[in-house]
Amino acid sequence: MKVKTARRHIAAVCVMASFLCASFLQGAFAGSVSGTLDVRLQLTPSCDFAIGNIDDGLLDFGRAAGGGQLPVDGMSDSRKSAASLSIACSSSYTGANAPVLTVNNGLHAIGSQRYLMGPGSERIAYDLYADPAHRVQLDAIAPLQLVIPNAGVTTVIPIYGRIPRIGNPVAGHYSDVVWLTLSY
């Protein structure tokens, strides 16, 4: 008998507790009102260089002997015979609206000729191209129209180099820096 009575008391307490909680909560809120929250993001149409690591911005002609009369197109290692630039654009700048790339003449240029600068201010002329056959020269006057097929997807733009003739300069390290500009 005591078990049945205890169960009834527990059941009664649970019912009363539920009623009291519901009454308390109803009394706690005198009313309600709804509103909205505006959530926004403004994406500006743009393009950017998306260089993955430091080697992506390097065009390396490798090692060559002085006195050469033949062109030097770079090392046979395909990673270094062309610099690979990665470019990503928003949807406003794909297809027919893709940006143009301008490559300046470099830090050591004389007129429109690019030069690698070496020991004792020795210079070696070089040219940059948009194609491996060296037919489409990159110069500061004529920007290169890029092809960006998809928004937000990185597009690789190769740049190829050629030293037309080395001549007999002093042995040593030769380098130059060119500035790249995306116009969109």
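For residue 93, the stated conditions hold: it is more than 30 Å from residue 63 (Cα to Cα) and among the hydroxyl-bearing types (Ser, Thr, Tyr). Scanning region 72-110 for residues that are modelled with pLDDT under 85 and open to solvent by less than 50 Å² (accessible area, probe 1.4 Å) gives 72, 74, 80, 81, 82, 83, 84, 85, 86. Consider region 30-61 and keep the residues that are under 27 Å from the mean Cα position of the chain (by Cα) and of a type in the set (Ser, Thr, Tyr). The one that is modelled with the highest pLDDT is 46. Annotation note: Cβ proximity below 7 Å between a residue of region 158-177 that is over 15 Å from residue 139 (Cβ atoms) and a residue that is open to solvent by 70 Å² or more (accessible area, probe 1.4 Å) and at pLDDT below 90 (sequence gap 6+ or interchain) occurs for 165/69. Within region 37-52, residues that are closer than 11 Å to residue 87 by Cβ and among the β-branched types (Val, Ile, Thr) sit with their Cβ atoms under 7 Å from residues that are surrounded by 11 or more Cβ atoms within 10 Å (Cβ to Cβ) and modelled with pLDDT under 75, at 6+ positions apart or across chains, in these pairs: 51/57. Among the conditions (1) open to solvent by less than 70 Å² (accessible area, probe 1.4 Å); (2) closer than 30 Å to residue 117 by Cβ; (3) among the β-branched types (Val, Ile, Thr), the only one that residue 148 does not satisfy is (2). Residues in region 155-183 that are over 13 Å from residue 130 (Cβ atoms) and crowded, with 16+ Cβ neighbours inside 10 Å: 155, 163, 166, 169, 174, 176, 178, 182.
A quick yes/no check of all residues on (1) more than 21 Å from the chain's Cα centre (by Cα); (2) in a loop (DSSP other than H, G, I, E, B):
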{"residue": "108", "(1), (2)": "yes, yes"}
{"residue": "114", "(1), (2)": "yes, no"}
{"residue": "133", "(1), (2)": "yes, yes"}
{"residue": "140", "(1), (2)": "yes, yes"}
{"residue": "160", "(1), (2)": "no, no"}
{"residue": "178", "(1), (2)": "no, yes"}
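The values are calculated or read from the model by the stated rules, or taken from the named source; none is laboratory data. Just so you know, these numbers come straight off a predicted model, no measurement behind them. Because the Cβ atoms are built from the backbone with ideal geometry, glycine has one as well, and the counts that use them run over all protein chains shown. These area figures cover heavy atoms from the full protein model, side chains too; ligands, DNA and RNA do not enter into them. Shrake-Rupley method; radii C 1.70, N 1.55, O 1.52, S 1.80 Å.
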